[in-house]
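Below is one structure, written out as structure tokens, with a few remarks after it.
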Amino acid sequence: MTHSPNSPEARDVAHHLHGYTDARRHEEVGPLVIDRGEGVHVFDIHGKRYLEAMAGLWSVGVGFSEPRLVAAATKQMSRLPFYHTFGHKAQGPVIDLAERLIGLAPVPMSKVHFTNSGSEANDTVMKLLRYRSNALGEPARKTFIARAKGYHGVTLASASLTGLPNNHRSFDLPIAGIRHTMSPHWWREALPGETEEAFATRCADELEALILAEGPETVAAFWAEPVMGAGGVIVPPATYWPKIQTVLQKYGVLLVADEVICGFGRTGNWFGSTTYGMNPDVIVVSKQLSSSYLPISAILINERVYGPIADESKRIGTFGHGFTASGHPVAAAVALENLAIIEERDLIGNVRRVGAHLRARLDALAGHPMIGEIRGVGLIAAAELVIDKPAKTALDVPGRLGGMVAGIMQDKGVISRAMGEAIAFCPPMIITELQVDEMVAVFAASVDEAKVRLGL
Ligand code: PMP
């Protein structure tokens with residue numbers, strides 16, 4: 001695509017290295033430049049409208065034009081645009097938000113520590129748990145177990161927890177002390193004839209074997225999203241979490257629930273941990289905490305985690321960690337207003353109603369020769385594309401089929417995301433049933449178009 005030299009597209013290509021983008025290909029095709037948002041839609045600089053089927057990056061829960069969030073930011077910006085939380089300092093919004101999060105937590109939690117992104121939060125949790133192990137006089141307890149296809153971020157430590165090859169390859173990751181166990185994706189990973197129940201047992205057995213191989217006294221925590229997001233919207237079998245938690249309890253391994261996508265309604269409850277009966281010691285949230293209007297993330301820790309950390313900070317004289325913008329007052333004020341909107345408008349009720357509708361619409365496509373699996377919960381779903389349905393295989397180049405369908409969808413005015421061959425649906429929680437119909441119709445037409453293009 002050629003863009004005139006002074007166009008935003010050309011200037012972007014000239015000056016900007018994008019995340020999660022093939023840089024050389026970007027030089028050829030340039031960016032889609034988004035200009036404004038309205039409800040579940042965004043508009044590019046040429047005026048074309050797109051239904052945002054991913055809520056940005058699984059995050060704009062209340063939609064793209066919520067005036068109350070703008071007002072909350074403006075009000076706080078005028079009163080106190082910044083203050084920090086180091087050395088016994090606080091401000092109103094951070095106090096209110098900490099209290100609100102402890103009140104909302106799905107299991108009893110003791111304290112909240114604020115960070116600015118999901119990656120920073122997971123990175124910080126690793127530091128907190130190292131500190132805790134040292135405080136407890138268990139300096140060997142520093143190994144963290146995460147899962148293949150899990151996503152926990154991109155800093156050196158959080159990318160190491162992430163179980164996706166592209167986040168490790170050429171970055172010399174993972175760092176030491178991180179292990180991965182299998183992903184709970186029954187459709188993909190099951191042995192021939194293996195039931196979901198038997199598969200869940202095998203997942204728990206593999207985790208137990210890994211803990212034993214490492215030495216239970218060296219394993220600090222198990223890290224997991226209730227439902228895997230960026231790894232392809234992988235919904236675990238019904239008995240997966242009970243079986244996994246039995247193993248964790250047996251060996252005294254802490255559970256860190258990464259609720260960065262699931263948190264604040266996405267699965268039909270305030271937290272994915274509630275949907276799956278999880279009893280985490282640490283919960284990480286971000287994204288829908290502020291509907292991504294401003295960057296903010298938070299770590300909720302229970303007393304079992306807080307107590308030793310507090311003691312250690314006393315022994316040393318300070319807790320040597322914190323970010324300039326931890327608990328930023330404007331981001332915290334926006335988060336509080338965002339949580340109020342989710343509650344007042346019963347957006348979680350909408351997730352349940354419209355999520356069921358989305359599922360029904362997608363399930364109606366399950367007979368399509370190019371759709372291998374439909375999966376999801378609440379208002380997060382994915383459709384896995386295949387070329388050979390019985391063999392569950394796609395094209396020779398991994399990700400090519402998914403990328404093709406997502407590209408056709410974008411041309412047709414729906415922005416989705418392909419994770420490998422899975423097309424994800426995670427729209428703003430305000431979406432209506434009619435808008436879901438439009439989104440799924442564009443998806444279906446795009447799969448048909450890909451079928452024609454591939455000569456199938
Ligand atoms: N954890 C999960 C579950 C995520 O989905 C993401 C982002 N997609 C992260 C962590 C990382 O968050 P961030 O991009 O804000 O660093």
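Just so you know, all these numbers are worked out from the coordinates, no wet-lab data involved. All values reported here derive from a predicted model rather than from experimental measurement. As a convention, Cβ positions derive from the backbone with ideal geometry for all residues, glycine included, and neighbour counts pool all protein chains shown.
Calculated FRET efficiency, Arg315 to Leu80, Cβ-Cβ distance, R0 = 30 Å: about 0.35 to the nearest 0.05.
Taking trypsin sites (Lys or Arg not before Pro) across segment 118-171, the ones in a DSSP loop with at most 10 further Cβ atoms lying within 10 angstrom of their Cβ are Arg169. Note on His185, His321, His18, His368: ascending count of other Cβ atoms within 10 Å places them as His18, His321, His368, His185, the fewest first. Here the residues His88, His152, His46, ranked from fewest to most Cβ neighbours within 10 Å of their Cβ, fall in the order His88, His46, His152. Modelled label positions at Val107 and Leu212, each set 7 Å beyond Cα in the direction of Cβ, lie 2.4 nm from each other.
With the helix formula -39500 (n - 2.57) applied to DSSP H stretches of n ≥ 4, the chain reaches a computed 222 nm mean residue ellipticity of -12500 deg cm²/dmol. Checking every one of the chymotrypsin sites (Phe, Trp or Tyr not before Pro) in segment 2-98 against DSSP loop status and a limit of 13 other Cβ atoms within 10 Å picks out Tyr20, Phe82, Phe86. Charge dipole (Cα centre; +1 on Lys/Arg Cβ, -1 on Asp/Glu Cβ; no other charges) of the chain amounts to roughly 640 debye. Between Gln249 and Leu57, the distance separating the two model label sites (each 7 Å from Cα on the Cα→Cβ line) works out to 3.6 nm.
For Lys127, the aspartates and glutamates whose Cα falls under 14 Å of its own Cα, not counting residues fewer than eight places away in the same chain, are Glu312.
What the Cβ-Cβ distance of Glu27 and Asp448 gives, at R0 = 41 Å and to the nearest 0.05, is a FRET efficiency of 0.85.
In the chain, taking the dipole from charged Cβ atoms about the Cα centre, the farthest positive-side position among Gly39, Thr218, Val436 is held by Thr218. Taken one residue at a time, the phi angles of segment 284-289 give Karplus couplings (6.51, -1.76, 1.60, θ = phi - 60°) of 10, 10, 6, 6, 6, 4 Hz. Gly and Pro are set to x. Near Glu373, the amide H atoms lying under 5 Å from its own belong to Glu384; only residues 5 or more places off or on other chains count, and H is placed 1.01 Å from N. For the chain, relative contact order (Cα pairs under 8 Å, six or more residues apart, normalised by length) works out to 19 percent. Among Arg68, Arg315, the ranking by other beta carbons within 10 Å of each residue's beta carbon, starting with the fewest, stands as Arg315, Arg68. Note on segment 343-415: dipole from Cβ charges, positive end direction compared against Leu347, Ile387, Leu365; the farthest Cα belongs to Leu365. According to a simple spin-label model (label point 7 Å from Cα along Cα-to-Cβ), what is the distance in nm between Leu156 and His3? It is 3.4 nm.
Checking every one of the GluC sites (Glu not before Pro) in segment 166-198 against DSSP loop status and a limit of 16 other Cβ atoms within 10 Å picks out Glu194. When only alpha carbons are used to place a centre, segment 274-352 and segment 406-429 end up 28 Å from one another. Beta-bridge orientation, segment 69-344: approximately 40 percent antiparallel, per DSSP, counting only bridges with both partners inside. Multiplying the residue separation of Met182 and Glu197 by 0.36 nm and subtracting their alpha-carbon distance yields 3.9 nm.
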